[in-house]
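Down below is the structure, laid out as structure tokens.
The values are calculated or read from the model by the stated rules, or taken from the named source; none is laboratory data. None of these values were measured; they are calculated from a predicted model. Every residue, glycine among them, receives a Cβ derived from its backbone with ideal geometry; neighbour counts consider all protein chains shown.
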Amino acid sequence: MAKTYKGTLSLEWYNKQKSILLQKEEFKNDLDIPAPKINWVNKDEALFYEINEKEGKGDNPYWVDRNDIRVKEARPLILQKLYKAVEKNKVGTIPGTNKEFIIKESIEDELEVDNLLIKGDNLLGLNTLKKIFDNKSDAEKIKCIYIDPPYNTGSAFEHYEDNLAKSEWLTLMRDRLVLMNKILRIDGMIFIQIDDEMLAHLKLILDEIFGQENFITTISVKMSRSTGVKMAHVEKKPSRYKEHILLYAKSKDNFKVFPQYIKLNKWDKRYNSYITNFESNPKEWKIQTLTEVFKLKNITNEDEQFNFIKQNSMRIIRLAENNQDVFVSTIGKKYFQEILTSTGLEKYAYNGSKVLFAKDKFKIVDGKEELAEDAGDFWNDIVDHINDLHNEGGISFKNGKKPEFLLKRIINLSTEENDFVLDCFAGSGSTCCVANKMKRKWIGIEIGSQAETHFLKRIKNVIKGNENRGISKDNDVNWQGGGSFKYYHLGPSIIEYKKDGTIDFTGP
């Protein structure tokens with residue numbers, strides 16, 4: 001570490017040293033007012049690590065100039081192996097009915113293979129990726145970045161150095177986020193999972209790098225239940241069940257997501273009106289209650305009642321108050337009518353109310369039509385997929401894995417097939433394995449031996465079709481195997497830094 005330190009951990013904003021005096025006249029200021037910024041020790045410098053490959057972390061970090069060539073170096077990618085799943089018919093079965101895969105290994109590069117597993121420090125890996133993507137079109141760049149960085153909580157993971165001081169952590173994140181921003185597509189987005197401890201700090205960094213205007217939302221994810229050790233301290237503080245995902249766009253003007261839905265287990269009984277003559281002109285529609293319909297049709301079983309609702313959802317409605325002029329104008333008109341909203345949407349109205357159809361309560365969830373609601377920014381269903389988390393991928397990665405279901409939702413929300421997904425804090429490879437199962441292209445960067453003992457082992461099982469946990473059996477996935485990837489090591493540095501501060505280039 002440097003012997004001298006500059007700055008403190010603090011928040012700066014416009015006119016911080018002044019108070020606001022309310023005036024009768026409107027206050028006007030034509031000057032551009034800068035957004036609040038977070039400061040920290042040695043913010044103007046970068047952190048350089050001597051990489052401990054065996055332990056998978058950086059040893060003895062020290063501060064260097066942000067333009068120091070050691071933190072700017074784009075190291076070469078050295079191909080270790082190319083892995084490709086080749087389909088064959090299972091012995092003893094009819095061809096084409098029961099497929100299986102074998103993995104072919106090669107040391108020959110193939111340009112058409114896009115998926116990359118890179119072993120090495122993620123800052124240096126991102127430098128290399130930036131150089132690669134600088135020569136590609138925007139459409140070929142990264143569509144979605146998901147990272148689950150160390151949270152700086154002081155509870156070091158088995159495979160992560162997590163007890164970084166705040167200023168070190170902020171520097172580490174800032175320098176990597178700058179590079180991530182540069183390799184995103186113009187319509188790309190980044191998801192960063194974080195806990196309460198560093199949420200506010202991280203958001204301020206993201207505001208600086210991506211711009212406040214490109215902040216989309218903070219998603220709260222329920223990650224645990226009211227059981228276990230956490231319940232021993234409920235008298236001291238509220239138990240913590242959630243984590244957060246900060247979502248930023250590369251450009252909000254080009255931002256678009258694909259809505260995701262959460263399955264519901266209970267029918268909304270306010271939808272209790274049944275249109276008996278739906279095919280007629282809306283002005284002639286006749287209504288019965290669902291209770292009356294069930295009685296007439298002798299439908300008493302709850303499952304049968306729900307199936308009837310699902311099959312007839314176009315006919316089942318409820319009324320909701322609406323203050324828009326176009327609905328208010330129908331007050332006193334006690335018949336159904338089609339109307340056109342101010343935004344050009346075709347809706348139905350009745351006596352000043354908006355008509356809501358039960359069909360809009362059914363959505364496609366995991367490949368099946370289900371009673372569902374928009375997932376929004378509170379994902380309380382993720383916890384239902386935690387119990388088997390330790391078995392996902394067939395590898396152990398204590399406290400470091402995120403459920404495949406969570407990653408599937410993020411990837412579905414942000415991408416389409418063949419889009420690029422990046423995770424540069426790849427850990428056990430969950431993000432890339434899910435991306436592969438969902439027919440997305442992927443890049444993962446992981447430091448140290450776990451790149452091979454965890455990530456490589458897991459992704460090989462995925463493409464071979466030997467991994468049937470997580471999302472593999474979901475209706476819209478039905479994973480059986482397939483895919484290919486290249487496994488690279490980051491090459492050694494070509495820079496020799498001498499004691500007198502000068503440098504030599506040792507490469508060719």
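Would you be able to say whether some residue in region 247-255 is out of contact with any Ser or Thr (no Cβ under 6 Å at 6 or more places or on another chain), outside any helix (DSSP H, G or I) and closer than 24 Å to Ile339 by Cβ? If you could, list the steps in order and put the result at the bottom.
Here is the first cut: in region 247-255, the ones out of contact with any Ser or Thr (no Cβ under 6 Å at 6 or more places or on another chain) are 248-255.
Now restrict to residues that are outside any helix (DSSP H, G or I): 248-251, 255.
Filter once more, keeping what is closer than 24 Å to Ile339 by Cβ: none.
No: region 247-255 contains no residue that is out of contact with any Ser or Thr (no Cβ under 6 Å at 6 or more places or on another chain), outside any helix (DSSP H, G or I) and closer than 24 Å to Ile339 by Cβ.
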| task | Starting from region 85-108, take each residue that is free of Cβ contacts under 8 Å to residues at least 40 places away in the same chain and list its partners that are loosely packed, with under 10 Cβ neighbours inside 10 Å and of a type in the set (Val, Ile, Thr), counting only C-beta distances under 9 angstrom and pairs at least six apart or across chains. | result | Asn89/Thr97; Lys90/Thr97
| Within region 246-288, considering residues that are under 21 Å from Ile192 (Cβ atoms) and among the aromatic types (Phe, Trp, Tyr), the one surrounded by the fewest Cβ atoms within 10 Å (Cβ to Cβ) | Phe258
| query | Consider Tyr274 against the criteria (1) assigned to a strand (DSSP E or B); (2) modelled with pLDDT under 95: it satisfies all of them except one. Which criterion is unmet? | reply | (2)
| field | So Gly470, is it outside any loop (DSSP other than H, G, I, E, B), in the same structural domain as Ile102 (by TED's automatic domain parsing), small (Gly, Ala, Ser) and in contact with an Asp or Glu (Cβ under 6 Å, 6 or more places away or on another chain) | value | no
| remark: Within region 406-420, residues closer than 12 Å to Trp442 by Cβ and part of a helix (DSSP H, G or I) come out as Leu407, Ile411
| query | When region 359-371 is examined, which residues are found to be under 20 Å from Tyr274 (Cα atoms) and in contact with a helix residue (DSSP H, G or I) (Cβ under 8 Å, 6 or more places away or on another chain)? | reply | Phe362, Leu371
| said: With the requirement that a residue be in contact with a strand residue (DSSP E or B) (Cβ under 8 Å, 6 or more places away or on another chain) and farther than 20 Å from Gly376 by Cβ, what does region 252-266 give you? | reply: Asn254
| query | Would you pick out the residues in region 68-123 that are hydroxyl-bearing (Ser, Thr, Tyr) and surrounded by fewer than 16 Cβ atoms within 10 Å (Cβ to Cβ)? | reply | Thr93, Thr97, Ser106
| said: I'm checking my understanding of the structure. Among residues of region 386-397 that are surrounded by fewer than 24 Cβ atoms within 10 Å (Cβ to Cβ) and out of contact with any His (no Cβ under 8 Å at 6 or more places or on another chain), which one is modelled with the lowest pLDDT? | reply: Gly394
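Lys464: more than 14 Å from Asn436 (Cα to Cα) and over 21 Å from the mean Cα position of the chain (by Cα), yes or no? Explain how you work it out, then say what you get.
On the way: more than 14 Å from Asn436 (Cα to Cα): no; over 21 Å from the mean Cα position of the chain (by Cα): yes.
Against the criterion (more than 14 Å from Asn436 (Cα to Cα) and over 21 Å from the mean Cα position of the chain (by Cα)), Lys464 does not qualify.
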| query | From Ile38, Ile132, which residue is surrounded by 14 or more Cβ atoms within 10 Å (Cβ to Cβ), of a type outside the set (Gly, Ala, Ser) and not assigned by TED's automatic domain parsing to the domain that holds Phe420? | reply | Ile38
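Consider region 336-353. How many of its residues are in contact with a strand residue (DSSP E or B) (Cβ under 7 Å, 6 or more places away or on another chain) and either in contact (Cβ under 8 Å) with a residue 40 or more places away in the chain or of a type outside the set (Val, Ile, Thr) (or both)? Before you say what the answer is, go through the steps one by one.
Quick first cut of region 336-353, residues in contact with a strand residue (DSSP E or B) (Cβ under 7 Å, 6 or more places away or on another chain) only: 336-341, 346-350, 353.
Next cut, either in contact (Cβ under 8 Å) with a residue 40 or more places away in the chain or of a type outside the set (Val, Ile, Thr) (or both) only: 336-338, 340, 346-350, 353.
Count: 10.
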| message | Give me the residue from region 198-217 that is in contact (Cβ under 8 Å) with a residue 40 or more places away in the chain and loosely packed, with under 15 Cβ neighbours inside 10 Å and, out of that set, farthest from the chain's Cα centre (by Cα). | response | Gln212
| field | Unmet requirement for Ile331, which otherwise passes all of (1) touching a residue at least 12 places away in the same chain (Cβ under 8 Å); (2) in contact with a helix residue (DSSP H, G or I) (Cβ under 8 Å, 6 or more places away or on another chain); (3) hydrophobic (A, V, I, L, M, F, W, C) | value | (2)
| message | Restricting to region 289-314, and then to whatever is loosely packed, with under 13 Cβ neighbours inside 10 Å and assigned to a loop (DSSP other than H, G, I, E, B), can you tell me which residue is nearest to the chain's Cα centre (by Cα)? | response | Met314
| query | If you take the residues of region 176-197 that are touching a strand residue (DSSP E or B) at 6+ places or on another chain (Cβ under 7 Å) and farther than 21 Å from Asn254 by Cβ, which of them is surrounded by the most Cβ atoms within 10 Å (Cβ to Cβ)? | reply | Ile194
| Any idea how many residues of region 197-218 are in a helix (DSSP H, G or I) and more than 19 Å from Pro149 (Cα to Cα)? | 3
